[in-house]
Structure formats: structure tokens, C-alpha cells
Amino acid sequence: MLTVDTVQDIQDIARGAVVLGTGGGGDPYVGELFLRAQIAQGRFAKVITSDEVADDAFVLSIAGIGAPSVMVENLVSEIMLQKLLKRCEEYYGRSVDALISAEIGGINSMFPLALSAISGIPVVDADGVGRAIPRIEMTNFSIDGCKATPAVLMDESGNIVMIEAVDDRTAEDICRVVTGVLGAAVFGALYPMTGKEMKACAVHRTLTQAFGIGRCIRESRESSGEIFANLIDYLNSWDDRLATILFDGKIVDVSHETRDGWHWGKVVLNGLSDSSDEFTVEIQNEFIVARHNGRTVTVVPDLISILDRESGEPLTGEMLTYGQRVKVLGYAADPILRRPESLEVLGPRAFGLSEDFSAIETLVSAPA
């Protein structure tokens, strides 16, 4: 068991979670602030490996649901998290043995750690997808048959909604409507599962990966300054998944729109010395497709991250503004997300794109 007991640990995990958030999932800074306050009071989040969870244990995901641009405006409430846990244990009829992130990317990496710090319940070093995703049915929990409901949603005013849906696509529709009514941001307890089910369908060691990414950026910044070379080396060493810098340039146009509880947008970059060299990234809560001079170079479920080119600080979609000088990172998704059954629900066509999935390894090696 690992105890997260320093502010630096929390900051490293949060920074890594933004990289894995692929522009979405909300800024973990809100959760980071909450955890820093808990550490100041001597209360620490605990992290355990999947192997430390008993097969008959009760595992539950705690997640924020809604538009990231709204979620970052709401501070985490200790009282609300405690009420949510108490109501869940009443509803499910048993105590929660372990928490798990529905998605490691963005703010949802922080909420289980926050609840762990105030409840003592450990967080599993794993999550449901290995990145951020915009819809409930896109986690590997759901793809492998572990349903999101029965679920409990709660807003900061104390309104509670129980959901039992026939499938996770319907659960997503219901949650989206409820979230809209309750102000576009709620907390939810989803994917109730046994320890055995969690071991079978989770993407493992993702908290460790987020921690490693954040630490790599920080230590590189403090020492050699070779931030991107070190980050690429770290990511490439992780299960032989390819990582590469897709583009180095400046933002010349960016659009943001919050519509139907989603963040939509598009970022346009030009080369630093060649304004005719164009790179675009489309946003649907997360960065979903990157194109260089019109040719796709990375597409979901592979990961796209945008980082400040000087500090290496990863940026969420809401942080992007005109004039920023950035580097765009492409990173192969966990192999579990590239299976045919996974691509049916989180491949390009699931996001409305008119193209099939092609791996980043193929796209970046193709002739321009």
C-alpha cells in the first residue's frame, strides 16, 4: 500500500493526469487543492494494487460528470463527498472496500483520492480506460460487461438521483439530462463491481503512470531541461507504446463552445517559422483528432496532449488561447482500447468522425 502524503506527490499525479486527460476530464487543480488541505490536516489518500483487492470486495467508482468548463468552477466539498459515500452504502447495502477512478485523465483522477483521504478507503492503482473519455459507455468496465448502474448522482445542493438503466448508452443519456438539470456538474458513484470483476476489466497501474509522467516533467524542468526528450523516453518505455511529438508551433485560432453539457472546440496552430504549415486539433470534451496539413496523424482512442513548449506543463482544452506556443504529443492507447469491441464504442466514428481508426504508429510513418 502506498500513502500519498506529500503535496509534491499530489502535484505530480495531477500533472500526469492532465497529460492522460488528452485535453478533457477537467483541470485536476480543484482536486489537488482539496487533497493539499487534507494533507495539512494529517489525512492521506491510500493507493493499493489490484492484487491487494479481494475477489469478493466491493469496488466503486467516484467521478465528476458534466462539462469540464463548469466542473472546474466548483470546489470539492468534503461534506458532499461524505454524504455521497453514506448514501451509496445505504443504497448498495454494503460498505465500500475500495475506490477506483472511472477515468485516470483529468479531474476524475483526483476525486477517489479525495474521498480516500477523508474516509480511509483505499484507491486501486487502475482505472476504467487509461485516459479521459466523454461518455459513460466508453470505459472498458462497460465494454467488458461491468455496468455503470445502479448509480447514485448528487449535486452540491444535496439533490440525489438514483439511476438504474437497461444499458450504459441509456445510462449516459439519463445522466446527461440529469446533469443538465442540476447545473451541468454533479458527482456520481458508478460501476459497482466485485474485486474479481475489477481485476478483469480495469486498465491497471494508471495512477503509477500518471505519477511517473508528472514526476518526469518536474524533474526534467528542475535539472537538464530536456523535458520533452525525457517525457518521450518515459512514455515509450511504458508497455512499448509509441509516443512522439506531432507538432511544434503556436496557436493562431481557437474556438470554445459549451453545448448540451459538452465542450466543443477546435484549435489551429501554425509552424513557428512557417505560417503555411498548419496543424489542427478537434475537441469533444477531449482532443479527438489531430491533423497536419489536413492529414490525420492521431485519432481516438490514441491520446493527443498539448503542452507548453517552454515549461512542459500540460494544458486542458479550456486553457488553450491565441498566441500560446505549444508542442502536441501523440501517444498510443493501451492495447485493450484497440480491440474491435473497444473501437466500436470509442473509435473515431463513435465521435462522429468520418474515418476509421488507424494506429498512431501507422499514421506518423505514412508519407506526407
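The values are calculated or read from the model by the stated rules, or taken from the named source; none is laboratory data. Every value quoted in this text rests on a predicted model; they were computed, and no experiment measured them. Please note: Cβ atoms are built from the backbone with ideal geometry, for glycine as well, and neighbour counts cover all protein chains shown. Just the protein is used for accessible areas: all its heavy atoms, side chains included, with ligands, DNA and RNA removed. Shrake-Rupley method; radii C 1.70, N 1.55, O 1.52, S 1.80 Å.
Put simply, of E257, E219, E226 the only residue that is modelled with pLDDT of 95 or more and either open to solvent by 50 Å² or more (accessible area, probe 1.4 Å) or within 20 Å of the chain's Cα centre (by Cα) (or both) is E219.
Rundown of residues vs (1) assigned to a helix (DSSP H, G or I); (2) of a type in the set (D, E, K, R), yes/no style:
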| position | (1), (2) |
| --- | --- |
| A63 | no, no |
| M80 | yes, no |
| L85 | yes, no |
| E90 | yes, yes |
| E103 | no, yes |
| L113 | yes, no |
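Looking for something under 25 Å from K327 (Cβ atoms), crowded, with 22+ Cβ neighbours inside 10 Å, at pLDDT 90 or above and of a type in the set (A, V, I, L, M) - is there at least one such residue anywhere in region 96-106? Show your work before the answer.
Let us first name the residues in region 96-106 that are under 25 Å from K327 (Cβ atoms), namely 103-106.
In the following step, the residues that additionally are crowded, with 22+ Cβ neighbours inside 10 Å were identified as 103-106.
This time we only want the ones that are at pLDDT 90 or above, so: 103-104.
Checking which are of a type in the set (A, V, I, L, M) leaves us with 104.
Taking every residue of region 96-106 in turn, at least one turns out to be under 25 Å from K327 (Cβ atoms), crowded, with 22+ Cβ neighbours inside 10 Å, at pLDDT 90 or above and of a type in the set (A, V, I, L, M).
For region 121-133, which positions are open to solvent by 10 Å² or more (accessible area, probe 1.4 Å), in a loop (DSSP other than H, G, I, E, B) and not β-branched (V, I, T)? Of everything in region 121-133, just one residue is open to solvent by 10 Å² or more (accessible area, probe 1.4 Å), in a loop (DSSP other than H, G, I, E, B) and not β-branched (V, I, T), namely P122.
Selection of region 178-193 for residues being at pLDDT 90 or above and assigned to a helix (DSSP H, G or I) yields only V178. Taken over region 270-310, the residue count meeting the criterion of being modelled with pLDDT under 95, surrounded by fewer than 24 Cβ atoms within 10 Å (Cβ to Cβ) and touching a helix residue (DSSP H, G or I) at 6+ places or on another chain (Cβ under 8 Å) is 1. Within region 313-368, track down each residue that is touching a Leu at 6+ places or on another chain (Cβ under 7 Å), open to solvent by less than 30 Å² (accessible area, probe 1.4 Å) and not in a helix (DSSP H, G or I). Hits for region 313-368 are P314, L315, V326, V328, L329, G330, Y331, A332, A333.
Being part of a strand (DSSP E or B) and touching a residue at least 24 places away in the same chain (Cβ under 8 Å) is true for just one of L246, L231. Which residue is that?
So the residue among L246, L231 that is part of a strand (DSSP E or B) and touching a residue at least 24 places away in the same chain (Cβ under 8 Å) is L246.
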